[in-house]
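To start, the structure itself, in structure tokens.
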């Protein structure tokens, strides 16, 4: 089973956020989650961000109690509290005997796989951050900035193991669709030997694609997390548990358990018929564009508003908190090539909608 972002916190204080899903997890041989924050006692952020994240070390017990088998650390928050915050995270997970992927003390450590043997089959996990920036420091390495290296690593793992599960932290926040480049990259990962791709970072569920014998979850969204981008796009609290079954002939099937994240940040299974029907319709709707391939300018039109508004709000928080240098960064961002494409996407979407109405 696989889920998206978790940060082991609740609005009820120091309470277990996985109470409502433990029974579901108990049915799995392996449970994967993206651990979206460092585990540290440090309360001074090492990076000037709008939302630095951290987890209290005592909350790691929630992972153990929920039967979580493995977590990803290749993401944009692992260094929020500097090298020491990341190193502390490694130590806490190792003491709790919870394997992690995507980060480590060295290049070889961050690229290493974690392997499970289930019913004589080997299942290897590897995690990569594809955010466009090299976050690695002298003490901490984050896997994945070189796409060719990612491909080489996948092909290496395919030669050694029966199944290869690849965790990718990537994409645009608060949107329902991967970019055309993401779709090409994901399919290439399958061609190189990946069996399952588990995406996260957008804080929204994204479409699901069966490609050849592989399975691609472009984003599993949040799972135990605060609401993100409220008002930027619908369904900010919608999530799921992906129940993935691997077969001896290398075929793969899956089922989804619909989840709503409640006001306490707890994931709660959706059980009412109407809500389940709405969930299934939403997944179908956001997966449909993947069939013909994501069109570049259609994509910019779809993601422009949540991307521009969300990043604009983030810049304003940083300007108030850290000063004028973030205003200069915002001005450069507003005139960047990607943002200009967003402006064009908005115009083209407006023209497209006008034609459809007429």
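Against the numbered list (1) farther than 29 Å from residue 59 by Cβ; (2) touching a helix residue (DSSP H, G or I) at 6+ places or on another chain (Cβ under 8 Å), residue 162 comes up short only at (2). Residues in segment 16-25 that are outside any loop (DSSP other than H, G, I, E, B), over 21 Å from residue 93 (Cα atoms) and either free of Cβ contacts under 8 Å to residues at least 24 places away in the same chain or under 20 Å from the mean Cα position of the chain (by Cα) (or both): 23 alone.
Restricting to segment 90-111, give me the number of residues that are in contact (Cβ under 8 Å) with a residue 12 or more places away in the chain and assigned to a loop (DSSP other than H, G, I, E, B). Lay out the reasoning, then the answer.
Going residue by residue through segment 90-111, those that are in contact (Cβ under 8 Å) with a residue 12 or more places away in the chain are 90, 92-93, 96, 98-107, 109-111.
Right, trim to assigned to a loop (DSSP other than H, G, I, E, B) and you get 96, 98-99, 102, 105-106, 111.
Matching residues across segment 90-111 total 7.
Taking segment 147-171 as the region of interest, how many residues are without any contact (Cβ under 8 Å) to a residue 12 or more places away in the chain and closer than 26 Å to residue 291 by Cβ? The qualifying residues number 0.
Please determine, by comparing only the residues of segment 252-266 that are in contact with a strand residue (DSSP E or B) (Cβ under 9 Å, 6 or more places away or on another chain) and surrounded by fewer than 15 Cβ atoms within 10 Å (Cβ to Cβ), which one is nearest to residue 281 (Cα to Cα).
Per the criteria, the residue is 255.
Based on this model, can you work out whether residue 122 counts as assigned by TED's automatic domain parsing to the domain that holds residue 31, in a loop (DSSP other than H, G, I, E, B), at negative phi and in contact (Cβ under 8 Å) with a residue 40 or more places away in the chain?
Working: assigned by TED's automatic domain parsing to the domain that holds residue 31: yes; in a loop (DSSP other than H, G, I, E, B): no; at negative phi: yes; in contact (Cβ under 8 Å) with a residue 40 or more places away in the chain: yes.
No: the conditions fail for residue 122.
Among the residues here, residue 307 qualifies as out of contact with any strand residue (DSSP E or B) (no Cβ under 9 Å at 6 or more places or on another chain), surrounded by 14 or more Cβ atoms within 10 Å (Cβ to Cβ), closer than 27 Å to residue 185 by Cβ and not assigned by TED's automatic domain parsing to the domain that holds residue 218. Criterion first (surrounded by 15 or more Cβ atoms within 10 Å (Cβ to Cβ), in the same structural domain as residue 201 (by TED's automatic domain parsing), over 18 Å from residue 82 (Cα atoms) and modelled with pLDDT under 95) does residue 135 satisfy it? No, not satisfied.
The rows are residues; the columns are (1) in the same structural domain as residue 256 (by TED's automatic domain parsing); (2) surrounded by 16 or more Cβ atoms within 10 Å (Cβ to Cβ); (3) free of Cβ contacts under 8 Å to residues at least 40 places away in the same chain; (4) assigned to a loop (DSSP other than H, G, I, E, B).
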position	(1), (2), (3), (4)
14	yes, no, no, yes
30	yes, yes, no, yes
41	yes, no, no, yes
48	yes, no, no, yes
52	yes, yes, yes, yes
58	yes, no, no, no
63	yes, yes, no, no
79	yes, yes, no, yes
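When segment 11-48 is filtered for residues that are within 30 Å of residue 327 (Cα to Cα) and out of contact with any helix residue (DSSP H, G or I) (no Cβ under 7 Å at 6 or more places or on another chain), the ones remaining, listed by number, are 36, 37, 43, 44, 45, 47.
Taken as a whole, the structure places residue 6 among residues that are in contact (Cβ under 8 Å) with a residue 60 or more places away in the chain and either in the same structural domain as residue 215 (by TED's automatic domain parsing) or over 21 Å from residue 239 (Cα atoms) (or both). Quick one: in segment 141-171, which of the residues that are assigned to a loop (DSSP other than H, G, I, E, B) and over 16 Å from the mean Cα position of the chain (by Cα) is surrounded by the most Cβ atoms within 10 Å (Cβ to Cβ)? Among residues in segment 141-171 that are assigned to a loop (DSSP other than H, G, I, E, B) and over 16 Å from the mean Cα position of the chain (by Cα), the one surrounded by the most Cβ atoms within 10 Å (Cβ to Cβ) is 161.
The values are calculated or read from the model by the stated rules, or taken from the named source; none is laboratory data. It should be emphasised that the depicted structure is a prediction, and the values quoted were computed from it without experimental measurement. FYI the Cβ positions are ideal-geometry reconstructions off the backbone, even for glycines, and counts take in every protein chain you see.
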